[in-house]
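Novice: Below are the structure tokens for one structure; questions will follow.
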Amino acid sequence: MEPMTCLETIQAYGLRSLGIGERLLPRSDFTLCQHFTLIGSGLIWNIYFGVLALFFGFFLANALALAKAAQTPWLRKPAEWFIFVFRGSPLFIQFFLAYELLVLLPKAGINVLGITIETSWTTRAWAGALFVLFLNTAAYSAEIFYGALKSVPKGDVEAADAYGITGWSRFRRVLWPTMLRLGWPAYTNEAIFLFHATTLVFFSGFPAFQQKGDALYYANYFADKTFNPFIPYPIVGFYFICLTLLLIWVFGLINRRLNRHLPSNMRGRIRLRPQVIR
Amino acid sequence: MFEFCADPSQLSGLTWLSCYLTTGTHFNFYWSFLTVLMLLAVTAPVALAFGFGGAMAARSPLLPVSWIGKGYIAAVRGVPDIVYFLFFVIALDQGIEWTKHLFVCEDLSQPVWNGTEFRVCPEAKVPLAASSAIWHSAYAFATAVFTFALVFGAFAANVLYGAMQAVPRAQLETAEAYGMTPRQVFRRVLVPQMWVFALPGLSNLWLILIKATPLLFLLGIQDIVYWARELGSAKTSGNNPYPHGDWRVFYFLALLVFYLAFTRVSEVFLARLTRRLSHGQATLGGEQLRKAGA
């Protein structure tokens, strides 16, 4: 077979992780271009998991933080337990457990009021793993937002009371913006951390159908085939550093907007402090 | 294990369960919990030592040494750690075998990395193909510990570096004014005082380390995840004395409970330790303790 040019490689494998393009993965004579293209193609899944889990998780996290700060134990206790379970156990185990639970769903589908709901798609990574990541990041973010909510300055709330702002509008106009502002640097780290955690998906029960996997899946494929870890893994590292920098930039813009009313020397700075494994 | 377990097909209910849970393979599963605990017990001090070295290097007045320390801290952050786990295990193995290859092999004319192969002569294999299975698993465990220590050492270095910077400057200046050498200042003033600043970060790291242990499975160790998958999968073949369906979900549930309990116990213990170390310190926590005592 003619060796491919790099452009041809990109055309053949650029969207391989979505199942578009060449079906067979390269098997021998691996080029650097193939490494970059295929691993980059896998990065689509990391971005997919990260962005969607972060987006949906944000709303659940707000609700959970409020529930944890609530007076009534009927709201507080479930929120505390949810946060404890997801923060206290390894994400790896959560993935395995969720996969095994989803496999137990009846194969034929569930019958709800005469309509059969398919269940097979829930065991696919795009749905099942996304769901776990969504719950997981919601729990971590909820703890951040809860802490931020607790450290809203007393004076802000008193000022709102003095103006007669109460209830929902006090929350929406005073508490919530301040909570976000205070929690934002920590939330940025959580977002970075979540993107890193997406690399676990295809190593934890969820199978990669037709070799459609994420960046680390393809890097692992190359390392297994070439017995040379010194090329594919640094490429994954390179991609993730780029992704992390992009994330810091986007979250920094939001941070600027959240802090726009403050004098410049009082604005919180985001410091890169990603954690390890969850 | 029990005498009544001789014929499992006659058993039912709790007696069946008690026999099922005491089979030889289940004991392997229970032992693997010890593997995890052992990994934690070995990794934590080694990672702390790596962290200490890294932090000391980063603080060094010699520029190249300081670059090495800071580079070590920076390199491990920003990239998903699972990448490091997968990378180091192969890289370490190949590094060791390649070094040994240079010394013990007679024929060095062939390249070691050749296309899709990594080839050293049989004498350079670590451990040797002929050595017993125990050595193979011990070697795998040792590389796993080293990898964990290397990755977590960078995080510990970051925490300790911050803690060393957080010790009030006046303390060090006072020590210098008393005529202590830099080495004495470091040993007698800086290190004893930095722990209270390092503890929140280190406790966090400990909790993260606990939650990282299932990744041993990815390094090819027969850990609790491995056994949970083995034991839980459906056993329906004719010669299995304890046939059952797919029970993996229960095994993983047990692992989840194990980790939650472990995390909780650690949290309680670390909270006590924090209280202990805050005693007599010029920090908010120490001040609160003083007032409560007065």
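Novice: Of the conditions (1) within 14 Å of another protein chain (Cβ to nearest Cβ); (2) in contact with a Ser or Thr (Cβ under 9 Å, 6 or more places away or on another chain); (3) closer than 24 Å to residue B:211 by Cα, residue A:187 clears all except one; give me its number.
Specialist: Against the list (1) within 14 Å of another protein chain (Cβ to nearest Cβ); (2) in contact with a Ser or Thr (Cβ under 9 Å, 6 or more places away or on another chain); (3) closer than 24 Å to residue B:211 by Cα, residue A:187 comes up short only on (1).
Novice: Mind counting the residues in the stretch B:1-55 that are free of Cβ contacts under 8 Å to residues at least 60 places away in the same chain and more than 21 Å from residue B:228 (Cβ to Cβ)?
Specialist: Adding up the residues that qualify gives 14.
Novice: Would a scan of the stretch B:279-286 turn up a residue that is part of a helix (DSSP H, G or I), at pLDDT below 90 and surrounded by 12 or more Cβ atoms within 10 Å (Cβ to Cβ)? Walk me through it before giving the result.
Specialist: First, pick out the residues of the stretch B:279-286 that are part of a helix (DSSP H, G or I): B:284-286.
Adding the requirement that they be at pLDDT below 90 leaves B:284-286.
Now narrow it down to the ones that are surrounded by 12 or more Cβ atoms within 10 Å (Cβ to Cβ): B:285-286.
The answer is yes; a qualifying residue exists.
Novice: Six or more apart or on different chains, Cβ under 7 Å: which pairs go from a residue in the stretch B:259-278 that's within 13 Å of chain A (Cβ to nearest Cβ) to one that's of a type in the set (Ser, Thr, Tyr)? Could you list them?
Specialist: Listed by first residue and then by second, the contacts come to B:259/A:89; B:260/A:89.
Novice: Another one. Among the residues that make up the stretch B:102-119, is at least one of them in contact (Cβ under 8 Å) with a residue 24 or more places away in the chain and in contact with a Phe, Trp or Tyr (Cβ under 8 Å, 6 or more places away or on another chain)?
Specialist: Scanning the stretch B:102-119, I find at least one residue that is in contact (Cβ under 8 Å) with a residue 24 or more places away in the chain and in contact with a Phe, Trp or Tyr (Cβ under 8 Å, 6 or more places away or on another chain), so the answer is yes.
Novice: Filter the helices (runs of 4 or more DSSP H) completely within the stretch B:13-111 down to those with at least 1 residues that are within 14 Å of chain A (Cβ to nearest Cβ).
Specialist: It comes to B:24-59, B:63-76, B:81-104.
Novice: Scan the stretch A:142-156 and tell me whether some residue there is farther than 20 Å from residue A:67 by Cβ, within 13 Å of chain B (Cβ to nearest Cβ) and either within 23 Å of the chain's Cα centre (by Cα) or at pLDDT below 90 (or both). Before the answer, list the steps.
Specialist: Residues of the stretch A:142-156 that are farther than 20 Å from residue A:67 by Cβ, as a first pass: A:153-156.
If we keep only those that are within 13 Å of chain B (Cβ to nearest Cβ) as well, we get none.
Scanning the stretch A:142-156, I find no residue that is farther than 20 Å from residue A:67 by Cβ, within 13 Å of chain B (Cβ to nearest Cβ) and either within 23 Å of the chain's Cα centre (by Cα) or at pLDDT below 90 (or both), so the answer is no.
Novice: Out of all the residues in the stretch B:130-143, is one or more within 14 Å of chain A (Cβ to nearest Cβ), assigned to a helix (DSSP H, G or I) and touching a residue at least 24 places away in the same chain (Cβ under 8 Å)? Break it down stepwise before answering.
Specialist: From the stretch B:130-143, those within 14 Å of chain A (Cβ to nearest Cβ) are B:143; that's our starting set.
Filter once more, keeping what is assigned to a helix (DSSP H, G or I): B:143.
The next check asks that each one be touching a residue at least 24 places away in the same chain (Cβ under 8 Å); those that pass are B:143.
Scanning the stretch B:130-143, I find at least one residue that is within 14 Å of chain A (Cβ to nearest Cβ), assigned to a helix (DSSP H, G or I) and touching a residue at least 24 places away in the same chain (Cβ under 8 Å), so the answer is yes.
Novice: Residue by residue through the stretch A:13-38, note down the ones that are aromatic (Phe, Trp, Tyr), within 20 Å of residue A:230 (Cα to Cα) and more than 24 Å from the chain's Cα centre (by Cα). Talk me through it step by step, then tell me what you get.
Specialist: Going residue by residue through the stretch A:13-38, those that are aromatic (Phe, Trp, Tyr) are A:13, A:30, A:36.
Then drop every residue that is not within 20 Å of residue A:230 (Cα to Cα), which leaves A:30, A:36.
Result: A:30, single match.
Novice: Now a separate question. Suppose we keep only residues that are free of Cβ contacts under 8 Å to residues at least 40 places away in the same chain and in a helix (DSSP H, G or I) within the stretch A:111-126. Which one would you say is surrounded by the most Cβ atoms within 10 Å (Cβ to Cβ)?
Specialist: So the first thing to find is which residues in the stretch A:111-126 are free of Cβ contacts under 8 Å to residues at least 40 places away in the same chain, and the list is A:111-122.
After this cut, where a residue has to be in a helix (DSSP H, G or I) as well, the list is A:120-122.
Values: A:120: 13, A:121: 10, A:122: 16.
Looking at residues that are free of Cβ contacts under 8 Å to residues at least 40 places away in the same chain and in a helix (DSSP H, G or I), I get A:122.
Novice: Now for a different question. Among the candidates B:17, B:37, single out the residue that is under 30 Å from residue B:203 (Cβ atoms) and aliphatic (A, V, I, L, M).
Specialist: Details: B:17 fails: under 30 Å from residue B:203 (Cβ atoms).
Among B:17, B:37, only B:37 is under 30 Å from residue B:203 (Cβ atoms) and aliphatic (A, V, I, L, M).
Novice: Given the conditions (1) buried (at least 20 other Cβ atoms within 10 Å of the Cβ); (2) out of contact with any Ser or Thr (no Cβ under 6 Å at 6 or more places or on another chain); (3) under 30 Å from residue A:19 (Cα atoms); (4) not small (Gly, Ala, Ser), which single one is not true for residue A:90?
Specialist: Failed condition: (3).
Novice: Helices (runs of 4 or more DSSP H) wholly in the stretch B:167-257 with at least 2 residues that are within 11 Å of chain A (Cβ to nearest Cβ) and crowded, with 18+ Cβ neighbours inside 10 Å - which ones?
Specialist: Working: elements: B:169-177, B:191-212, B:224-232.
By residue number, B:191-212, B:224-232.
Novice: Being among the small types (Gly, Ala, Ser) and either over 18 Å from residue B:208 (Cα atoms) or assigned to a helix (DSSP H, G or I) (or both) is the filter here, so list the residues in the stretch A:73-94 that pass it. Before you say what the answer is, go through the steps one by one.
Specialist: Step one: of the stretch A:73-94, the residues among the small types (Gly, Ala, Ser) are A:79, A:88-89.
Listed by number, the residues that qualify are A:79, A:88.
Novice: So is residue A:238 in contact with a strand residue (DSSP E or B) (Cβ under 6 Å, 6 or more places away or on another chain) and of a type outside the set (Gly, Ala, Ser) or not?
Specialist: When the stated conditions are applied, residue A:238 does not pass them.
Novice: Moving on to the next point. Can you find a residue that is of a type in the set (A, V, I, L, M), in contact with a helix residue (DSSP H, G or I) (Cβ under 8 Å, 6 or more places away or on another chain) and on the phi < 0 side of the Ramachandran plot anywhere in the stretch B:279-288? Break it down stepwise before answering.
Specialist: Restricting attention to the stretch B:279-288, the residues satisfying the condition of being of a type in the set (A, V, I, L, M) are B:282, B:284.
Add one more test, that the residue is in contact with a helix residue (DSSP H, G or I) (Cβ under 8 Å, 6 or more places away or on another chain), and what stays is none.
Looking for residues that are of a type in the set (A, V, I, L, M), in contact with a helix residue (DSSP H, G or I) (Cβ under 8 Å, 6 or more places away or on another chain) and on the phi < 0 side of the Ramachandran plot, one finds none in the stretch B:279-288, hence no.
Novice: Here's a follow-up. If residue B:151 satisfies every condition in (1) over 16 Å from the mean Cα position of the chain (by Cα); (2) touching a residue at least 60 places away in the same chain (Cβ under 8 Å) but one, which is the exception?
Specialist: Going through the list (1) over 16 Å from the mean Cα position of the chain (by Cα); (2) touching a residue at least 60 places away in the same chain (Cβ under 8 Å), residue B:151 breaks only (1).
Novice: Restricting to the stretch A:222-244, give me the number of residues that are aliphatic (A, V, I, L, M), within 9 Å of chain B (Cβ to nearest Cβ) and over 22 Å from the mean Cα position of the chain (by Cα). Show your work before the answer.
Specialist: Within the stretch A:222-244, the subset aliphatic (A, V, I, L, M) is A:223, A:231, A:235-236, A:241, A:243.
Among the residues that remain, those that are also within 9 Å of chain B (Cβ to nearest Cβ) are: A:223, A:236, A:241.
Retained after the next criterion (residues that are over 22 Å from the mean Cα position of the chain (by Cα)): A:223.
Of the residues in that region, 1 qualify.
Novice: Next question. Would you confirm whether or not the stretch B:72-90 contains a residue that is over 30 Å from residue A:239 (Cα atoms) and either among the small types (Gly, Ala, Ser) or crowded, with 20+ Cβ neighbours inside 10 Å (or both)? Reasoning before the result, please.
Specialist: If we filter the stretch B:72-90 for residues that are over 30 Å from residue A:239 (Cα atoms), which is where we start, we get none.
Looking through the stretch B:72-90, none of the residues is over 30 Å from residue A:239 (Cα atoms) and either among the small types (Gly, Ala, Ser) or crowded, with 20+ Cβ neighbours inside 10 Å (or both).
Novice: I'd like the full set of residues that are facing another protein chain (nearest Cβ under 10 Å) and in contact (Cβ under 8 Å) with a residue 40 or more places away in the chain, limited to the stretch A:205-221.
Specialist: Answer for the stretch A:205-221, where residues must be facing another protein chain (nearest Cβ under 10 Å) and in contact (Cβ under 8 Å) with a residue 40 or more places away in the chain: A:205, A:215, A:216, A:219.
Novice: Check residue A:169 against each of (1) under 30 Å from residue A:204 (Cα atoms); (2) away from chain B (no Cβ under 14 Å); (3) assigned to a helix (DSSP H, G or I); (4) polar (S, T, N, Q) and name the one condition it does not meet.
Specialist: Here residue A:169 clears every test but (1).
Novice: A further question follows. Does residue B:182 qualify as being without any contact (Cβ under 8 Å) to a residue 60 or more places away in the chain, in contact with a strand residue (DSSP E or B) (Cβ under 9 Å, 6 or more places away or on another chain) and farther than 28 Å from residue A:193 by Cβ? First the steps, then the outcome.
Specialist: Numbers: without any contact (Cβ under 8 Å) to a residue 60 or more places away in the chain: yes; in contact with a strand residue (DSSP E or B) (Cβ under 9 Å, 6 or more places away or on another chain): no; farther than 28 Å from residue A:193 by Cβ: yes.
When the stated conditions are applied, residue B:182 does not pass them.
Novice: Look through A:108, A:162 and report the one residue that is at pLDDT 90 or above, over 21 Å from residue A:64 (Cβ atoms), of a type outside the set (Phe, Trp, Tyr) and surrounded by fewer than 16 Cβ atoms within 10 Å (Cβ to Cβ). Walk me through it before giving the result.
Specialist: Working: A:108 fails: at pLDDT 90 or above.
Of A:108, A:162, the one residue that is at pLDDT 90 or above, over 21 Å from residue A:64 (Cβ atoms), of a type outside the set (Phe, Trp, Tyr) and surrounded by fewer than 16 Cβ atoms within 10 Å (Cβ to Cβ) is A:162.
Novice: Does the stretch A:133-156 contain at least one residue that is touching a residue at least 60 places away in the same chain (Cβ under 8 Å) and within 22 Å of residue B:218 (Cα to Cα)?
Specialist: yes
Novice: Now for a separate question. Please verify whether the stretch B:233-246 includes one or more residues that are basic (Lys, Arg) and either out of contact with any Gly (no Cβ under 9 Å at 6 or more places or on another chain) or in contact (Cβ under 8 Å) with a residue 24 or more places away in the chain (or both).
Specialist: Start the filter on the stretch B:233-246 by keeping residues that are basic (Lys, Arg), which leaves B:235.
If we keep only those that are either out of contact with any Gly (no Cβ under 9 Å at 6 or more places or on another chain) or in contact (Cβ under 8 Å) with a residue 24 or more places away in the chain (or both) too, we end up with none.
Checking the stretch B:233-246: not a single residue is basic (Lys, Arg) and either out of contact with any Gly (no Cβ under 9 Å at 6 or more places or on another chain) or in contact (Cβ under 8 Å) with a residue 24 or more places away in the chain (or both).
The values are calculated or read from the model by the stated rules, or taken from the named source; none is laboratory data. This structure is a prediction, so every number in the text was calculated from the model and none was measured. Neighbour counts run over all protein chains shown; Cβ positions are idealised from the backbone, glycine included.
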